[in-house]
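The values are calculated or read from the model by the stated rules, or taken from the named source; none is laboratory data. Note that this is a predicted model, so its numbers are computed, not measured. Ideal geometry is used to build each Cβ from the backbone, glycine not excepted, and the neighbour counts take in all protein chains shown. These accessible areas exclude ligands, DNA and RNA; they are computed on the full protein's heavy atoms, side chains included. Shrake-Rupley method; radii C 1.70, N 1.55, O 1.52, S 1.80 Å.
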Amino acid sequence: RLHLVTWNVGTASPPPDVTSLLQLNSLGPTMDMYVIGLQEVNSKITNFLSDLAFDDPWSIFFMTVLSPLGYIKLSSIRMQGLLLLTFVKHIHLPFIRDIHTQFTRTGLYGYWGNKGGVSIRMSLYGHTICFMNCHLPAHMENTEQRLDDFEKILEMQFEGENIPSTLEHDVLFWFGDLNFRIADYGIHFVRESINNKRYSLLWEKDQLNMAKKTEAFLKEFIEGPLQFKPTYKFDLYSDVYDTSEKKRKPAWTDRILWRVKHLCQNASKEGEFSEEEQTIFVTLNNYVSHMSYGISDHKPVTGTFGLELKPLVSVPLVVLNPEGEWSAEHDVIIRYSAVPELPSSAWDWIGLFKVTFRHMNDYVTYAWVEDDEISSNKDSKQVYMSASEIPTMGGEFLLCYYSNNLQTIVGISEPFQILPSKTSIEKDLTQEENSWMQKPDDLESRDE
């Protein structure tokens, strides 16, 4: 289950709550993956330079929301105002490989990144998936420029790298502030049609819908029905369309489309292709806008998808677990076994993570798999971690094996408990006694 978000945030800070945006109160099964594409993230030079050194406020915000629920930030990419984030449940980590990111500038003839596209691609259970977040040129008259820029982004992403081009991926998701407008009709007719929920009258004049009928490279992209109000342009903190002097005509600028490679390859085979041969199915379960968010002049749009995969990869490259009882009282042991095809390196490491860790570098401590090895046989190896590095307060933790050659986590343990050390328990008891002893004084001072 994949939940995809596109939102032009208009340089605003994150809102206080995104529960409905991420469907966190949904009664159905939880999401396996979140993909969040933002446009117009604040990219003033001071913000941008600090964000290069540290995570930007939006990334920190979504990590803070999702990490307690068991999601980690798998990957991200930023190009000025464009930001793309992917979060995934722990359980899927060993089956996601070959993660690459890419950006393409199209502003100022390719020299400026205020417009363009950013992508994250990966192999998910052996299937190639690509997510592409775009911000295309604005204004009614720039349809051709939008189409030219998108075609350029498609051609340039991952060009020259030893991985498939965007259109060669099994599934490609294309989304963002695509800036297509509603042509021909005047503003009063458009607003009247919206007020009466007669959206179908506007679909045929939507520039993207019209382009899909004539442009060969767009015909293979699928989109759900636009059964929500156009998402641009609103007065801030309201659901009222633009009342400024410009009075922009409403438009579905914010869109989510997808393309399944095998459907394209076999569309011309006239029934020769049987469903048994299909290894991946994409189902759109929900395609909606979220009117309650008013921090920018765009409303966010989400698509909830089901990806049905026949796993081509079903065995993790590494299986690992803690040995014995863990606490900071003594050195501890990790046992792991790796499949022969793991491209191991002297720079591989095993990290100890809290179960609510945010991203791959959010470890408590780590051990080098070669330098800290204490035993080895044909079935498994043992690595030690120093007692001085183990958290004295204890708690629930995970072990993850990080492959330097693959630049990702390739094995993850079940959650396990680290016992609090005796010194930390004694310290807690002492603090408790002290606080209890001080209570009368506190009460007296409060009375005074």
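Of all residues in region 236-264, those that are more than 25 Å from the chain's Cα centre (by Cα), open to solvent by less than 70 Å² (accessible area, probe 1.4 Å) and in contact (Cβ under 8 Å) with a residue 12 or more places away in the chain total 8.
Within the set N142, N114, the sole residue that is in contact with a strand residue (DSSP E or B) (Cβ under 8 Å, 6 or more places away or on another chain), surrounded by fewer than 19 Cβ atoms within 10 Å (Cβ to Cβ) and of a type in the set (S, T, N, Q) turns out to be N114. Of the residues E341, E329, the single one that is within 25 Å of S421 (Cα to Cα), of a type in the set (D, E), modelled with pLDDT under 95 and outside any strand (DSSP E or B) is E329. Can E245 be described as assigned to a helix (DSSP H, G or I), acidic (D, E) and out of contact with any Phe, Trp or Tyr (no Cβ under 8 Å at 6 or more places or on another chain)? No: the conditions fail for E245. Every condition in (1) surrounded by 16 or more Cβ atoms within 10 Å (Cβ to Cβ); (2) on the phi > 0 side of the Ramachandran plot; (3) of a type in the set (G, A, S) is met by G351 except one, and the failing one is (2).
Here's the yes/no breakdown for (1) under 23 Å from H262 (Cβ atoms); (2) without any contact (Cβ under 8 Å) to a residue 40 or more places away in the chain; (3) not assigned by the TED database to the domain that holds T231:
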| site | (1), (2), (3) |
| --- | --- |
| Q145 | no, yes, no |
| T166 | yes, no, no |
| G176 | no, no, no |
| Q207 | no, no, no |
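On the given criteria, is L167 farther than 16 Å from Q39 by Cα, under 25 Å from the mean Cα position of the chain (by Cα), of a type in the set (A, V, I, L, M) and modelled with pLDDT under 95? Yes, satisfied. Cβ-Cβ distances below 7 Å connect the following pairs, each with a first residue in region 224-235 that is open to solvent by less than 10 Å² (accessible area, probe 1.4 Å), a second residue that is of a type in the set (D, E) and not in a loop (DSSP other than H, G, I, E, B), and a separation of six or more residues or different chains: T231/D254. Screening Q382 against (1) part of a helix (DSSP H, G or I); (2) open to solvent by less than 70 Å² (accessible area, probe 1.4 Å) leaves a single unmet condition, (1).
Residues in region 270-307 that are among the charged types (D, E, K, R) and either in contact with a Leu (Cβ under 6 Å, 6 or more places away or on another chain) or at pLDDT 95 or above (or both) were compared, and the one that is most open to solvent (accessible area, probe 1.4 Å) is D297. Residues that are without any contact (Cβ under 8 Å) to a residue 40 or more places away in the chain and open to solvent by 80 Å² or more (accessible area, probe 1.4 Å) within region 355-379 comprise N361, Y363, Y366, E370, D371, N377, K378, listed in sequence order.
For region 16-36, does any single residue satisfy the condition of being open to solvent by 10 Å² or more (accessible area, probe 1.4 Å), charged (D, E, K, R), in the same structural domain as K233 (by the TED database) and at pLDDT below 95? Checked against the condition, which is being open to solvent by 10 Å² or more (accessible area, probe 1.4 Å), charged (D, E, K, R), in the same structural domain as K233 (by the TED database) and at pLDDT below 95, region 16-36 yields no hits at all. Summed over region 1-13, residues that are out of contact with any His (no Cβ under 6 Å at 6 or more places or on another chain) and open to solvent by less than 40 Å² (accessible area, probe 1.4 Å) total 9. Do we find that I72 is more than 21 Å from Q23 (Cα to Cα), in contact (Cβ under 8 Å) with a residue 40 or more places away in the chain, in a strand (DSSP E or B) and open to solvent by less than 40 Å² (accessible area, probe 1.4 Å) in this structure? No: the conditions fail for I72. Where strands (runs of 3 or more DSSP E) sit wholly within region 91-138, those with at least 2 residues that are at pLDDT below 95 occupy 96-107, 112-124. Tallying residues that are open to solvent by less than 10 Å² (accessible area, probe 1.4 Å) and modelled with pLDDT of 90 or more within region 150-164 yields 2. None of W258, W252 is farther than 16 Å from F189 by Cα, in contact with a strand residue (DSSP E or B) (Cβ under 7 Å, 6 or more places away or on another chain) and either in the same structural domain as T304 (by the TED database) or of a type outside the set (D, E) (or both) except W258.
The residue that is farthest from D149 (Cα to Cα), counting only those in region 211-223 that are open to solvent by 10 Å² or more (accessible area, probe 1.4 Å) and out of contact with any strand residue (DSSP E or B) (no Cβ under 6 Å at 6 or more places or on another chain), is K213.
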